[in-house]
Amino acid sequence: DACVRHGLSPEMIYRHSRHLLLPSFGVQGQANLSKSSILVVGAGGLGSPALLYLAACGVGRLGIVDHDIVELNNLHRQIIHTEAYIGQPKVTSAAAACRAINSTVQIVEHKEALRTSNALEIVNEYPLYDIVIDATDNLPSRYMISDCCVVSGKPLVSGAALGLEGQLTVYNHNGGPCYRCLFPTPPPTSACQRCSDSGVLGVVPGVIGCLQALEAIKIASVVGEPLSGRMLLFDALSARIRVVKIRARSLQCEICGENTSFTQQLFRDFDYENFTESPLSASPLKLNL
Amino acid sequence: DACVRHGLSPEMIYRHSRHLLLPSFGVQGQANLSKSSILVVGAGGLGSPALLYLAACGVGRLGIVDHDIVELNNLHRQIIHTEAYIGQPKVTSAAAACRAINSTVQIVEHKEALRTSNALEIVNEYPLYDIVIDATDNLPSRYMISDCCVVSGKPLVSGAALGLEGQLTVYNHNGGPCYRCLFPTPPPTSACQRCSDSGVLGVVPGVIGCLQALEAIKIASVVGEPLSGRMLLFDALSARIRVVKIRARSLQCEICGENTSFTQQLFRDFDYENFTESPLSASPLKLNL
Amino acid sequence: MQLTLEFGGGLELLCQSVKIHNVDVVLQAGETKLTMRVLLSWIRTNVIKERPEMFMKGDSVRPGVLVLVNDCDWELSGQLDTTLEEKDVVVFISTLHGG
Amino acid sequence: MQLTLEFGGGLELLCQSVKIHNVDVVLQAGETKLTMRVLLSWIRTNVIKERPEMFMKGDSVRPGVLVLVNDCDWELSGQLDTTLEEKDVVVFISTLHGG
Ligand SMILES: [Zn+2]
Ligand SMILES: [Zn+2]
């Protein structure tokens, strides 16, 4: 029957029966999901729900990149980690949680910071990923991951949250823009706030991280209209959400445009910290109450 | 200082430092949260993320009501449960997950179905709850929980998800309507679909459950504008979200209106299964592929 | 009159699983304005392809269906007597119970 | 001209933490239409209360700010040359990097 033909085991059929029942998703959608592989960069506030839902939904392979250690002050929003994992690598903790939910998914642990020196290898060599999720918390990483996805030809599901607001879009997919098409010039460093400096209501990255998992699932299963060329803006305080239309790919974009000279080699040599004038790692928290 | 005055321990200050840094939330918001108690009815697709984020954010007391057992075909969307808990009560599993994230929250386990015979006691007697979250999956429960909240004077954060769509609103709060103001007459039974019959994409209740936690946090911390008199409509396939304006409390409402004769005693005697012509418990899944 | 009709929460299944319908409603001789009452009857004839009893009951929508005119509950604009204008967006959505 | 201005992603901090501003922009003598170029200068004078360099750079917005006219990126409508109409909604939102 259809399930056998699509390589779904009896356990997968039972486990994902509520997906298979969906006329607009069905056996084909689940089979596509089970063959897809997704890389989540960052196992923090956004990565926590994204990883849990991606493991639960039955993607084939799920990669996790992070170099951080679980701390108590992460736990108010990073729901994939438990008190028992404080002091251990976030990747170890997140991988254990994903395996506990779904032992049939291949979980790949990348216990290192994503850098120009390893990004192309992680994304493109074994294990190869089809889709990248940006769940990081800093500006140089956002430029680096977008550029890496452009030179690797991968769609990028990008989420961000700060304070009581969140943003979500899909870059480098279906003729949509890359991060640099929207933001060719980095903002002044004085305009860059991080969760570690400015605070964030924990459930706000929760909402955005779930929506990142949804967009990755839609791309991987080839179902629905991904949020490409559109951006979701979320204001938690007023419970207002708007989805706006953004520009298409820019022909003049230095990275993805028609006359780009950007290559994998230039990517390896690019200094993202210098370009954005901000560090790849978060500075320590200073709390003055 | 402010933290001590508001009864926040040094551990709570460190754990929730990203909340305390938020100017519009701050010490007062966290102190309000830590004194609040929230009841989540249903530890399934909606309840999973709602419970995890409520435990993580540091509410004072978190109650969980459910009579169900964890099954393998829940795990595609009910991310609070792990394979190790298959066969055990959902409340046991969910409570363990909440405690693992935050051992400082008081978790109360109600391992029973919410019924007219126990609902008033669970909501109003010790432990007393301030806010109720409807994370159930059937129509008679939705009427019963709304009526229970009206006669108990509690705000109700109501979420629903089916297929690739979700809905969210706050009932019985700030002059907003109750469920019966919107739906005085139950729909015909032929119009009632459940996840167990019709399927649901797992991350859709994930998004709605996170938003339910957010609305409960806003009400408990007295921060922001809760989604009362408004309803959020979510279409996952097209990534469209609209927030619409709904009617205010109806003066003619049989339950919350001006001339209501509905009482706690009438609630106890009301037959919700007969009223809605549908059962409180989900029927077993029939999967024909 | 150009209107956008949207069906959700399962009601799209009654109109060939199409959620958004851009329609042009022509007023009948003798009609001077388009009310929701008239629109519902027009939809029943022109849009709903099966099980009309899942959409309407009497001359209104069946219980459990929310009607929104330009993102506002039609209870706030006069329900069946709501008068529609050019380019209005009318949403019919069935309440969900799942979780 | 009645406009709704919205500031988000932290830009509201430049205008006393108020996100939504309903404003009435009066055209100067000699002006026949309101462009985004003119509106930005009007906002800088009338709405931004502190650190204008966090909002503008030259005669446009600073890098990292998205501008939306009626929920559409202003790149699609001519950027600074976009002509505004009565009741338009203009959103200025700073891109977020946190997670
Ligand atoms: Zn580009
Ligand atoms: Zn009522």
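Here A:Gln252 qualifies as within 13 Å of ligand 1 (Cβ to nearest atom), within 14 Å of chain D (Cβ to nearest Cβ) and of a type in the set (S, T, N, Q).
Scanning the stretch A:58-111 for residues that are free of Cβ contacts under 8 Å to residues at least 24 places away in the same chain, open to solvent by less than 60 Å² (accessible area, probe 1.4 Å) and of a type in the set (D, E, K, R) yields one hit, A:Glu83.
Taking (1) away from chain B (no Cβ under 11 Å); (2) surrounded by 13 or more Cβ atoms within 10 Å (Cβ to Cβ); (3) farther than 30 Å from B:Thr136 by Cα in turn, C:Gly30 satisfies each apart from (2).
Restricting to the stretch A:117-173, name every residue that is acidic (Asp, Glu), buried (at least 24 other Cβ atoms within 10 Å of the Cβ) and either within 16 Å of ligand 2 (Cβ to nearest atom) or at pLDDT 95 or above (or both). Those that are acidic (Asp, Glu), buried (at least 24 other Cβ atoms within 10 Å of the Cβ) and either within 16 Å of ligand 2 (Cβ to nearest atom) or at pLDDT 95 or above (or both): A:Asp134, A:Asp147, A:Glu165. Go through B:Val243, B:Val204 for me and flag whichever is under 20 Å from B:Ala43 (Cβ atoms) and modelled with pLDDT of 95 or more. Residue meeting the stated conditions: B:Val204.
Residue-by-condition table, conditions (1) of a type in the set (Ser, Thr, Tyr); (2) more than 22 Å from B:Gly209 (Cα to Cα); (3) more than 15 Å from the chain's Cα centre (by Cα):
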residue: A:Leu21; (1), (2), (3): no, no, yes
residue: A:Gln28; (1), (2), (3): no, yes, yes
residue: A:Leu33; (1), (2), (3): no, yes, yes
residue: A:Ile38; (1), (2), (3): no, yes, no
residue: A:Leu51; (1), (2), (3): no, no, no
residue: A:Cys57; (1), (2), (3): no, no, yes
residue: A:Gly60; (1), (2), (3): no, yes, yes
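Restricting attention to the stretch B:130-176, the residues that are without any contact (Cβ under 8 Å) to a residue 40 or more places away in the chain, at positive phi and in contact with a Cys (Cβ under 9 Å, 6 or more places away or on another chain) total 0. Scanning the stretch B:261-278 for residues that are more than 13 Å from ligand 2 (Cβ to nearest atom), more than 14 Å from every other protein chain (Cβ to nearest Cβ) and open to solvent by 30 Å² or more (accessible area, probe 1.4 Å) turns up B:Ser261, B:Thr263, B:Gln264, B:Gln265, B:Leu266, B:Arg268, B:Asp269, B:Phe270, B:Asp271, B:Asn274.
The requirement of being more than 10 Å from chain A (Cβ to nearest Cβ), more than 21 Å from A:Phe234 (Cα to Cα) and of a type in the set (D, E, K, R) is satisfied by D:Arg37.
Residue count for the stretch B:1-20 under the criterion of being buried (at least 24 other Cβ atoms within 10 Å of the Cβ) and more than 9 Å from every other protein chain (Cβ to nearest Cβ): the result is 0. On inspection, A:Glu258 fails the criterion of being in a loop (DSSP other than H, G, I, E, B), open to solvent by 60 Å² or more (accessible area, probe 1.4 Å), more than 16 Å from ligand 1 (Cβ to nearest atom) and touching a Leu at 6+ places or on another chain (Cβ under 9 Å). Examine the stretch D:5-19 for a residue that is among the aromatic types (Phe, Trp, Tyr), in contact with a Cys (Cβ under 8 Å, 6 or more places away or on another chain) and crowded, with 20+ Cβ neighbours inside 10 Å, and state whether such a residue exists. Among the residues of the stretch D:5-19, at least one is among the aromatic types (Phe, Trp, Tyr), in contact with a Cys (Cβ under 8 Å, 6 or more places away or on another chain) and crowded, with 20+ Cβ neighbours inside 10 Å, which makes the answer yes. For the criterion of being among the β-branched types (Val, Ile, Thr), away from chain B (no Cβ under 12 Å) and open to solvent by less than 20 Å² (accessible area, probe 1.4 Å), C:Ile93 fails. Across the stretch B:174-219, the qualifying residues are those that are within 16 Å of ligand 2 (Cβ to nearest atom), in a loop (DSSP other than H, G, I, E, B) and in contact with a helix residue (DSSP H, G or I) (Cβ under 7 Å, 6 or more places away or on another chain), and the one among them that is farthest from B:Thr276 (Cα to Cα) is B:Cys178. A single entry from B:Val223, B:Val204 fulfils the requirement of being away from ligand 1 (no atom under 16 Å from the Cβ) and in contact with a Phe, Trp or Tyr (Cβ under 6 Å, 6 or more places away or on another chain): B:Val223. Would you mention how many residues in the stretch B:183-193 are in contact with a strand residue (DSSP E or B) (Cβ under 7 Å, 6 or more places away or on another chain) and open to solvent by less than 20 Å² (accessible area, probe 1.4 Å)? Summing the residues that are in contact with a strand residue (DSSP E or B) (Cβ under 7 Å, 6 or more places away or on another chain) and open to solvent by less than 20 Å² (accessible area, probe 1.4 Å) in the stretch B:183-193 gives 1.
State whether one or more residues within the stretch D:83-98 are on the phi > 0 side of the Ramachandran plot and at pLDDT below 95. Among the residues of the stretch D:83-98, not one is on the phi > 0 side of the Ramachandran plot and at pLDDT below 95, which makes the answer no. If we scan the stretch B:35-54, do we find a residue that is open to solvent by 40 Å² or more (accessible area, probe 1.4 Å), out of contact with any His (no Cβ under 6 Å at 6 or more places or on another chain), more than 22 Å from A:Pro49 (Cβ to Cβ) and charged (D, E, K, R)? Among the residues of the stretch B:35-54, at least one is open to solvent by 40 Å² or more (accessible area, probe 1.4 Å), out of contact with any His (no Cβ under 6 Å at 6 or more places or on another chain), more than 22 Å from A:Pro49 (Cβ to Cβ) and charged (D, E, K, R), which makes the answer yes. Look through the stretch C:56-84, keep the residues that are in contact (Cβ under 8 Å) with a residue 24 or more places away in the chain and out of contact with any Ser or Thr (no Cβ under 9 Å at 6 or more places or on another chain), and return whichever of them is farthest from B:Pro177 (Cα to Cα). Out of the qualifying residues, it is C:Val61. A search for C-beta distances below 6 Å between a residue of the stretch C:10-30 that is under 16 Å from C:Glu85 (Cα atoms) and any residue that is part of a strand (DSSP E or B) and open to solvent by 80 Å² or more (accessible area, probe 1.4 Å), counting only pairs 6+ apart in sequence or on different chains, returns C:Asp24/C:Gln2.
For every residue, the table says whether it meets (1) farther than 27 Å from A:Val200 by Cα; (2) of a type in the set (S, T, N, Q); (3) in contact with a Gly (Cβ under 7 Å, 6 or more places away or on another chain).
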| position | (1), (2), (3) |
| --- | --- |
| D:Gln16 | no, yes, no |
| D:Glu50 | no, no, no |
| D:Met56 | no, no, no |
| D:Leu68 | no, no, no |
| D:Leu80 | yes, no, no |
| D:Glu86 | yes, no, no |
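When the residues of the stretch A:207-245 are filtered to those that are in contact with a Gly (Cβ under 6 Å, 6 or more places away or on another chain) and more than 17 Å from A:Ile133 (Cα to Cα), the one that is surrounded by the fewest Cβ atoms within 10 Å (Cβ to Cβ) is A:Leu237.
Residues of the stretch A:135-164 that are among the charged types (D, E, K, R) and in a loop (DSSP other than H, G, I, E, B): A:Asp137, A:Lys154. What's the number of the only condition in (1) in contact with a Cys (Cβ under 9 Å, 6 or more places away or on another chain); (2) surrounded by fewer than 21 Cβ atoms within 10 Å (Cβ to Cβ) that A:Pro23 fails to meet? Evaluating A:Pro23 over (1) in contact with a Cys (Cβ under 9 Å, 6 or more places away or on another chain); (2) surrounded by fewer than 21 Cβ atoms within 10 Å (Cβ to Cβ) leaves (1) as the failure. If the condition is being open to solvent by 80 Å² or more (accessible area, probe 1.4 Å), more than 19 Å from C:Ser94 (Cα to Cα) and without any contact (Cβ under 8 Å) to a residue 40 or more places away in the chain, then the stretch C:33-55 contributes only C:Thr45.
The values are calculated or read from the model by the stated rules, or taken from the named source; none is laboratory data. Computed from a predicted structure; not experimentally measured. Positions of Cβ are generated from backbone atoms using ideal geometry, with glycine treated the same way; all protein chains shown enter the neighbour counts. All accessible areas refer to the heavy atoms of the entire protein, side chains included, with ligands and DNA or RNA removed. Shrake-Rupley method; radii C 1.70, N 1.55, O 1.52, S 1.80 Å.
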